[in-house]
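Written below as structure tokens is the structure these notes are about.
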Amino acid sequence: MTHPTLVRIAKPTAAALRSAAGFTLVEVLLVVAILGILAGVVVVSTRGRIPSTQISAARMSIQGLDTAIRTYEIDNGILPNALDNLMTKSSEMNWNGPYVNSLNDPWGNKFNYSREGTGFKIASTFFYEFEPCEPGSYEYRVEFVGALSYGKIRDYEDFLSGLGHKVLTKNLNLNMSFGKVRWRPFGRGSGQIVTSPGGYNKEILIIEKKADGESFEVHSNYDDLIAYYQSIRGMYVALLSIVVAFWALRFFASIGSIPYAVLAIAMVLLLIPIVLYSRRISMYKRLGMTNE
């Protein structure tokens, strides 16, 4: 089932330019850069003046529409063809509306709604592309594979594809330059070294499966689950080690200018997932021992 989505597109107005006769290229570029900065400041200032009450009201309206659409589906067995079906009875036998009091946002614009479901088509570096499908047609799993070598990632993709799943790769960062070699201390074996082209920018797998009622598990046993969550925990441990190193340099050698408060917050934020994944790993270890 899909939910209504509200989209706002702001189109900036172009400023009138004076004649630049006699200006050098550097001067013209400098003026353009200043105008761009000023335009950004104006846009940010304008957005900041939107009353918080209207923003809160818009969120509540969206939540109300979500509840109304779910209630409509329960009563009639199908999703509404349009938002107007929530207000006015058409050919439904079990219509018990109106389900909402208004279909407009706090600014007087009508909410947009689409009954069609969507499935993944492309997952690029910066964008996702979807294609229409029936609601509930697909199930998804997201898998972190940044600790594996590129060869093992390819083998895993082939294994999932052989099961009939569609597999898309996604990056964890936005650096798309070629010829890079990186060390990943949280990697396993040859997965500690990653290159581009190779496993760099292919750290996440998005796995799509048709919703056929069959079980959708991408890990075969508890040992597999433990190794998977250990790799994720290892990534956070490596990041925490870096932050601790910065703190040590700052405290013992007075090197660096990062405030202690920022380093402390970073350490706490990294410790939280480490603790959570450690508890999950312990749980699967106990379950594995119980099954044995």
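At-a-glance table
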| read-out | value |
| --- | --- |
| Qualifying position, being touching a Leu at 6+ places or on another chain (Cβ under 6 Å) and not in a loop (DSSP other than H, G, I, E, B), among Leu240, Leu249 | Leu240 |
| Filtered residues of region 252-266 (kept if assigned to a helix (DSSP H, G or I) and either in contact with an Asp or Glu (Cβ under 6 Å, 6 or more places away or on another chain) or surrounded by fewer than 16 Cβ atoms within 10 Å (Cβ to Cβ) (or both)) | Phe252, Tyr260, Ala261, Val262, Ala264, Ile265 |
| Condition check for Val244: in contact (Cβ under 8 Å) with a residue 24 or more places away in the chain, over 21 Å from the mean Cα position of the chain (by Cα) and in the same structural domain as Leu269 (by TED's automatic domain parsing) | no |
| Breaking point among (1) buried (at least 17 other Cβ atoms within 10 Å of the Cβ); (2) under 22 Å from the mean Cα position of the chain (by Cα); (3) farther than 23 Å from Met283 by Cβ, for Leu172 | (1) |
| Residues within region 190-218 that are assigned to a helix (DSSP H, G or I) and closer than 16 Å to Ile232 by Cα, tallied | 2 |
| Checklist (1) modelled with pLDDT under 80; (2) farther than 22 Å from Glu203 by Cβ applied to Tyr138, failing item | (1) |
| Pairs, first farther than 15 Å from Gly199 by Cα in region 147-167, second part of a loop (DSSP other than H, G, I, E, B), C-beta under 8 Å, six or more apart | Leu160/Val218 |
| Selection status of Ser190, at pLDDT 85 or above and more than 25 Å from the chain's Cα centre (by Cα) | no |
| Only one of Ile74, Ile69 that is touching a residue at least 40 places away in the same chain (Cβ under 8 Å) and part of a helix (DSSP H, G or I) | Ile69 |
| Test set (1) part of a loop (DSSP other than H, G, I, E, B); (2) in contact (Cβ under 8 Å) with a residue 40 or more places away in the chain; (3) not assigned by TED's automatic domain parsing to the domain that holds Phe130 - Gly187 fails condition number | (3) |
| Any hit, region 208-217, residues being in contact with a strand residue (DSSP E or B) (Cβ under 7 Å, 6 or more places away or on another chain) and within 24 Å of Val275 (Cα to Cα) | no |
| Exclusive hit being at pLDDT below 85, closer than 20 Å to Ile153 by Cβ, outside the structural domain of Tyr150 (by TED's automatic domain parsing) and surrounded by 17 or more Cβ atoms within 10 Å (Cβ to Cβ), set Tyr200, Tyr284, Tyr228 | Tyr228 |
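The values are calculated or read from the model by the stated rules, or taken from the named source; none is laboratory data. Only a predicted model underlies this, so the values are computations on that prediction, with no experimental measurement involved. No Cβ is skipped: glycine too gets one built from the backbone with ideal geometry, and neighbour counts run over all protein chains shown.
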